[in-house]
Amino acid sequence: MVYLIENQIVFNPEENSLSLLSDHESKIAVSNPARRILLLLIEQQGVVVQRETFFKKVWDDYGLNASNNNLNHCISKLRKVVSTLGYQNDFIVTVPKVGFIIRKEIVIEACANKMETQASVENSDEIANEPEIILTETPSDEIINHSVDPQQNATEPETLKLKNQHYFMMSMLVTMALTVWAFFIFYNDMSDQKANLEIAKIGSCSLYATAPVSQSHMSHFIQLAEDLLQKNNISCKPGNILIFQSEVYSSPINTGSAREFLAQCSIDDNHKTSICISYYINDRTTHDQ
């Protein structure tokens with residue numbers, strides 16, 4: 001038996017779940033005691049169900065330990081699930097020192113199966129005004145010493161996921177752009193331009209920039225290159241050149257990061273690059289504090 005609550009929420013006792021009629025992906029699992037509590041309240045709709053009745057029919061009859069804490073916990077979970085599915089009015093009402101009740105005016109319809117539930121509402125105009133609700137997680141199960149099957153789906157926060165994807169894509173794009181730039185400059189015969197981009201000698205290797213560096217920044221540029229070589233244990237080999245660039249000098253704005261690129265390239269007898277090994281560093285520790 002499936003129950004349709006206010007032409008909006010489907011309660012399926014066989015699946016221990018509640019969901020929106022208009023969205024099958026919104027299913028939320030509930031525990032076995034919570035399911036039995038809701039069934040009891042629906043069967044006795046309009047009548048106050050006493051706490052002792054819940055203790056016996058929900059826990060004692062199943063060999064479980066009943067307590068006010070377990071009962072209150074399950075009632076709280078059911079209210080939260082119904083509220084999450086869009087029903088904002090009081091669904092389960094507390095009668096102090098007595099028990100709980102589902103008000104008689106709440107429309108609850110029993111249907112043989114899901115198909116009958118869907119068909120009974122397709123003829124109603126109310127379904128057209130159903131709000132669209134996206135649920136990202138299911139509530140946890142009851143806190144008692146009893147094994148239950150429903151699992152909680154925990155999803156990574158969407159904002160953090162998009163942020164990480166953005167940083168990864170930006171890093172990849174910068175790496176590709178700098179690599180292509182370096183190959184374009186040194187693969188072709190650009191003797192005059194190449195001479196202007198030679199910065200200094202580090203060991204036996206010539207250090208080149210991918211763009212002109214002013215005289216006032218020359219020493220700092222060389223220091224950054226030497227620091228990168230030392231951090232990555234890169235040693236200069238005969239017949240090699242070094243191509244270095246730092247975002248400090250390549251970007252017209254402060255991007256909040258310190259990306260650096262180095263290519264160690266071997267050259268042939270015609271001074272053309274043949275093989276390059278690229279190193280890329282994205283250091284955000286200074287800017288993310």
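The values are calculated or read from the model by the stated rules, or taken from the named source; none is laboratory data. All of these numbers come straight from a predicted model, not from anything done at the bench. Cβ coordinates were reconstructed from backbone atoms using ideal geometry, including for glycine residues, and neighbour counts include every protein chain displayed. What goes into the accessible areas is simple: the full protein's heavy atoms, side chains included, and nothing from ligands, DNA or RNA. Shrake-Rupley method; radii C 1.70, N 1.55, O 1.52, S 1.80 Å.
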Note to self: Scan segment 15-22 and tell me whether some residue there is open to solvent by 10 Å² or more (accessible area, probe 1.4 Å), farther than 13 Å from LYS77 by Cβ, touching a residue at least 40 places away in the same chain (Cβ under 8 Å) and assigned to a strand (DSSP E or B).
What the structure shows: yes
Over segment 33-48, the set of residues surrounded by fewer than 21 Cβ atoms within 10 Å (Cβ to Cβ) and of a type outside the set (Gly, Ala, Ser) is ARG36, LEU39, LEU40, ILE42, GLU43, GLN44, GLN45, VAL47, VAL48
Here the residues within segment 68-89 that are touching a residue at least 12 places away in the same chain (Cβ under 8 Å) and closer than 21 Å to VAL58 by Cβ are ASN68, ASN70, LEU71, HIS73, CYS74, ILE75, LYS77, LEU78, ARG79, LYS80, VAL81, VAL82
Of the residues in segment 56-108, those that are polar (S, T, N, Q), surrounded by 12 or more Cβ atoms within 10 Å (Cβ to Cβ) and assigned to a helix (DSSP H, G or I) number 5
